[in-house]
Amino acid sequence: MPAASQASSSAYLADQAFDIRPFAEKVGAEIIGLDLSRPLSDADFARVHQAHLDYHVAVFRDQHITPQQQIDFSRRFGVLQIHVLKQFLLKNHPEILIVSNIVEDGQPIGLGDAGKYWHSDLSYKELPSLGSMLHAQELPDEGGDTLFANLHLAWDTLPHALREAVEGLSAVHSYTSRYSEGKNAANWRPTLTSEQLAQVAEVTHPIVRTHPETGRKALFVSEGFTTRIVGLPEDESRQLLDELYAHSVRPEHVYRHQWQPHDLVFWDNRSLIHLAAGCPTELRRKLFRTTIQGDAPF
Ligand code: OGA
Ligand code: MN
């Protein structure tokens, strides 16, 4: 086999020695000693993939990788999604969305409030995200944590009456439901063009979805993007959704990620919702996000 194709085939790459250490919480694991700047062997990729399915959040410590290396690693999991807010895509790397509160020359350099409400990335699309990766570029000395709630556990522990009330029902997801809320100097968001609005027309998904790889059921609603339950009167829909949201984020379902320099965090949007805790506006925070496309929920 010619050298060039050998180098591009992951079957010929050496395995790396690395540890997978689950957190004490019922979600998340830390991956220590793996270097994502090197292409992963098939065996290493299989271990990482399984850890992602088992723990839903994989925290890769100490990753000194370029945007292109983040993109290459992300692509091993699927097709990448390009965010609708084109103004916040990294120059020459549109697969990367800049998540940042930094303002330069009066212009925000990235999406400042990527996760003010609990949400699953791109649940407002027909094909929501499989998972997202955030790579820390600049971290504040205080705050800036990201919280993850395990929606398999939320479904498994949901009171019987609530389960019966929502099983088989669908809900509407909309990108614009909270888009303009809190639109102010600290939480600036560009006005969407009609073309952008057309890309984020609302969609309907089942309230209880089955994970396509593990077969486990999970709730699939969130305060960030879910607006109503199909076929129910508004007040009933509101009340049920509020009960589901409250149950989803009970402390025993949640892992709070406190960022360390050079962390790369890869979570499963089919199993979790997440939230940005926020940080004082005068402190700089910048992360690079890649978003992998998933299947239509069923
Ligand atoms: C995201 C997101 C949370 C954070 O980038 O999808 O929700 O803590 N970010 O920045
Ligand atoms: Mn998000």
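The values are calculated or read from the model by the stated rules, or taken from the named source; none is laboratory data. Fair warning: this is a prediction, and the values are worked out from it, not measured in the lab. Neighbour counts are summed over all protein chains in view; Cβ atoms, including those assigned to glycine, are modelled from backbone coordinates with ideal geometry. Protein only, heavy atoms only, side chains kept; ligands, DNA and RNA dropped before computing areas. Shrake-Rupley method; radii C 1.70, N 1.55, O 1.52, S 1.80 Å.
Is it the case that SER170 is among the hydroxyl-bearing types (Ser, Thr, Tyr), in contact with a strand residue (DSSP E or B) (Cβ under 6 Å, 6 or more places away or on another chain) and within 11 Å of ligand 1 (Cβ to nearest atom)? For SER170, the condition - among the hydroxyl-bearing types (Ser, Thr, Tyr), in contact with a strand residue (DSSP E or B) (Cβ under 6 Å, 6 or more places away or on another chain) and within 11 Å of ligand 1 (Cβ to nearest atom) - is not met.
A single entry from GLU236, GLU202, GLU223, GLU252 fulfils the requirement of being open to solvent by 80 Å² or more (accessible area, probe 1.4 Å), closer than 22 Å to ALA296 by Cα and either of a type outside the set (A, V, I, L, M) or in contact with a strand residue (DSSP E or B) (Cβ under 8 Å, 6 or more places away or on another chain) (or both): GLU202. Checking the structure you have, find out if any residue of the stretch 199-213 is under 30 Å from GLY106 (Cα atoms) and part of a helix (DSSP H, G or I). Yes, the conditions are met somewhere in the stretch 199-213.
Among the numbered conditions (1) under 16 Å from THR290 (Cβ atoms); (2) part of a strand (DSSP E or B), the only one that ILE20 does not meet is (1).
Taken together, the residues in the stretch 106-138 that are open to solvent by less than 50 Å² (accessible area, probe 1.4 Å) and assigned to a loop (DSSP other than H, G, I, E, B) amount to 13.
Assess whether ALA165 counts as being more than 18 Å from the chain's Cα centre (by Cα) and either of a type in the set (Lys, Arg) or outside any loop (DSSP other than H, G, I, E, B) (or both). Walk me through how you get there before you give the answer.
Values: more than 18 Å from the chain's Cα centre (by Cα): yes; either of a type in the set (Lys, Arg) or outside any loop (DSSP other than H, G, I, E, B) (or both): yes.
Spelling it out, ALA165 is indeed more than 18 Å from the chain's Cα centre (by Cα) and either of a type in the set (Lys, Arg) or outside any loop (DSSP other than H, G, I, E, B) (or both).
The number of residues in the stretch 83-137 that are of a type in the set (D, E, K, R) and either within 16 Å of ligand 2 (Cβ to nearest atom) or in contact with a Ser or Thr (Cβ under 8 Å, 6 or more places away or on another chain) (or both) comes to 5. Looking only at the stretch 211-220, residues that are open to solvent by 30 Å² or more (accessible area, probe 1.4 Å) and in contact with a strand residue (DSSP E or B) (Cβ under 8 Å, 6 or more places away or on another chain) come to 2 in all.
Scan the stretch 182-189 and tell me whether some residue there is modelled with pLDDT of 95 or more and surrounded by fewer than 23 Cβ atoms within 10 Å (Cβ to Cβ).
No: zero hits.
Considering each residue of the stretch 246-269, count those that are within 16 Å of ligand 2 (Cβ to nearest atom) and either within 22 Å of THR226 (Cβ to Cβ) or not in a loop (DSSP other than H, G, I, E, B) (or both), and give that number. Give the derivation first.
First, the residues of the stretch 246-269 that are within 16 Å of ligand 2 (Cβ to nearest atom): 248-249, 254-257, 259, 263-269.
Right, trim to either within 22 Å of THR226 (Cβ to Cβ) or not in a loop (DSSP other than H, G, I, E, B) (or both) and you get 248-249, 254-257, 264-269.
Qualifying residue count for the region: 12.
Residues checked against (1) touching a residue at least 24 places away in the same chain (Cβ under 8 Å); (2) within 16 Å of ligand 2 (Cβ to nearest atom); (3) in a helix (DSSP H, G or I); (4) buried (at least 16 other Cβ atoms within 10 Å of the Cβ):
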{"site": "GLU25", "(1), (2), (3), (4)": "yes, no, no, yes"}
{"site": "GLU30", "(1), (2), (3), (4)": "yes, no, no, yes"}
{"site": "ARG38", "(1), (2), (3), (4)": "yes, no, no, no"}
{"site": "HIS52", "(1), (2), (3), (4)": "yes, no, yes, yes"}
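Screening LEU272 against (1) of a type outside the set (Gly, Ala, Ser); (2) surrounded by fewer than 22 Cβ atoms within 10 Å (Cβ to Cβ); (3) in contact with a His (Cβ under 9 Å, 6 or more places away or on another chain) leaves a single unmet condition, (2). For the stretch 196-213, the condition of being modelled with pLDDT under 95 and of a type in the set (S, T, N, Q) holds for at least one residue. Within the stretch 165-181, if we keep just the residues that are modelled with pLDDT of 95 or more and open to solvent by less than 40 Å² (accessible area, probe 1.4 Å), the residue that is nearest to GLN87 (Cα to Cα) turns out to be HIS173.
Within the stretch 279-298, take every residue that is open to solvent by 40 Å² or more (accessible area, probe 1.4 Å) and touching a residue at least 24 places away in the same chain (Cβ under 8 Å) and give me the one that is nearest to ligand 1 (Cβ to nearest atom).
Of everything passing the filter in the stretch 279-298, LYS286 is nearest to ligand 1 (Cβ to nearest atom).
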